[in-house]
Amino acid sequence: MNKVVVLTGAGISQESGIRTFRGEDGLWEGYAVEDVATPQAFKINPDLVLEFYNQRRAALLDKNIVPNAAHIALCEFESKFSGEFVLITQNIDNLHERAGSKNILHMHGELLKVRSEETGEVFEWKEDLHRKSHPQNREDLVGTMRPHIVWFGEAPFEMITIEHALRDCDLFVAIGTSGVVYPAAGLVHSTPKHCRRVEINLEQTPVSPHFHEKRQGRASSEVPQFFQEILNSL
Ligand code: APR
């Protein structure tokens, strides 16, 4: 086995205390995520959209939020595996980085970054973001800042690198993702014929039939176990 590609979704961070997008009632203040995470929503009601991400950013920075055994197992696998390892995540949290993973592609952006819509410049950001916020000494950017997040209707980041990584992978593992948001849900179709495809999730998803194997259970127990099995088999 030369190349392993992993796709993670909100389910891997759920046991670290971060809310998934479609769990429980799936709503935030009565809004579906699809009604808040859009360029149209940001145009019509920027304060509402900024508040959604301000709350999530503050929740992520809570000292009790730490990587769990699944994040750590992926980092350990990456460090022990002699082949190529690529970690694609839909998550906008930084728990993979904090666990120590190296080769991470954030296809939906990052919560702790903001971007100027005018210049495209990206900045690290830990505070709340308001309409008048601007990076230090950059008053010129007032009114142009937005979360560095891919909203519904926008093109995900890193797609060329992602498609390239999938093209010749030998093992593809999707962890904790509901398989309803495209193009992420369709990445499984970009893997080659010989590739072993494994889904780790609490439940069945619409894309489950496209995987060879299903490990049904919590990411914190299934992920360490699965990747240990892979290391043992090499
Ligand atoms: N272990 C394993 N799987 C879990 C766990 C867990 N502890 N907890 C939840 N899950 C599974 C759920 O069964 C569900 O299938 O994780 C999935 C979470 O689904 P979503 O909340 O839809 O998250 P995700 O698939 O990452 O969402 C995709 O939608 O709103 C957008 O941009 C946002 O990246 C996000 C995208």
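Values quoted throughout were computed directly from the atomic coordinates according to the rules given, and no laboratory measurement underlies them. Since this is a predicted model, take the numbers as computed values, not measurements. Cβ atoms come from the backbone with ideal geometry, glycine included; neighbour counts cover every protein chain shown.
For this structure, a couple of remarks:
- Tally, over the range 196-234, of residues that are under 20 Å from the mean Cα position of the chain (by Cα), of a type in the set (Gly, Ala, Ser) and part of a helix (DSSP H, G or I): 4
- Any hit, the range 157-164, residues being under 27 Å from Asp35 (Cβ atoms), within 13 Å of the ligand (Cβ to nearest atom) and either out of contact with any Gly (no Cβ under 8 Å at 6 or more places or on another chain) or among the small types (Gly, Ala, Ser) (or both): no
- So Phe157, is it in a loop (DSSP other than H, G, I, E, B), in contact (Cβ under 8 Å) with a residue 12 or more places away in the chain and either closer than 27 Å to Glu78 by Cα or under 21 Å from the mean Cα position of the chain (by Cα) (or both): yes
- Restricting Val188, Val198 to residues that are in contact with an Asp or Glu (Cβ under 7 Å, 6 or more places away or on another chain) and either surrounded by 15 or more Cβ atoms within 10 Å (Cβ to Cβ) or over 25 Å from Gly109 (Cα atoms) (or both) narrows the list to Val198.
- Qualifying positions in the range 126-154 - free of Cβ contacts under 8 Å to residues at least 24 places away in the same chain and surrounded by 14 or more Cβ atoms within 10 Å (Cβ to Cβ): Ser133, His134, Pro135, Arg138
- As a summary of the residue check, Glu163 satisfies the conditions (1) of a type outside the set (Phe, Trp, Tyr); (2) over 15 Å from Lys3 (Cα atoms); (3) assigned to a helix (DSSP H, G or I); (4) without any contact (Cβ under 8 Å) to a residue 40 or more places away in the chain except for the one numbered (2).
- Test: residue in the range 1-23 that is more than 27 Å from Val173 (Cα to Cα), crowded, with 19+ Cβ neighbours inside 10 Å and either within 12 Å of the ligand (Cβ to nearest atom) or of a type in the set (Lys, Arg) (or both): no
- The range 40-52, subset in contact with an Asp or Glu (Cβ under 9 Å, 6 or more places away or on another chain) and of a type outside the set (A, V, I, L, M), residue surrounded by the fewest Cβ atoms within 10 Å (Cβ to Cβ): Glu51
- Members of the range 215-233 found to be buried (at least 17 other Cβ atoms within 10 Å of the Cβ) and within 13 Å of the ligand (Cβ to nearest atom), listed by number: Arg215, Arg218, Ala219, Ser220, Glu222, Val223, Pro224, Phe226
- Residue list for the range 77-102, filter: hydroxyl-bearing (Ser, Thr, Tyr) and surrounded by 22 or more Cβ atoms within 10 Å (Cβ to Cβ): Thr89, Ser101
- Among the residues of this structure, Ser178 does not count as one that is touching a residue at least 60 places away in the same chain (Cβ under 8 Å), within 12 Å of the ligand (Cβ to nearest atom) and either in a strand (DSSP E or B) or more than 16 Å from the chain's Cα centre (by Cα) (or both).
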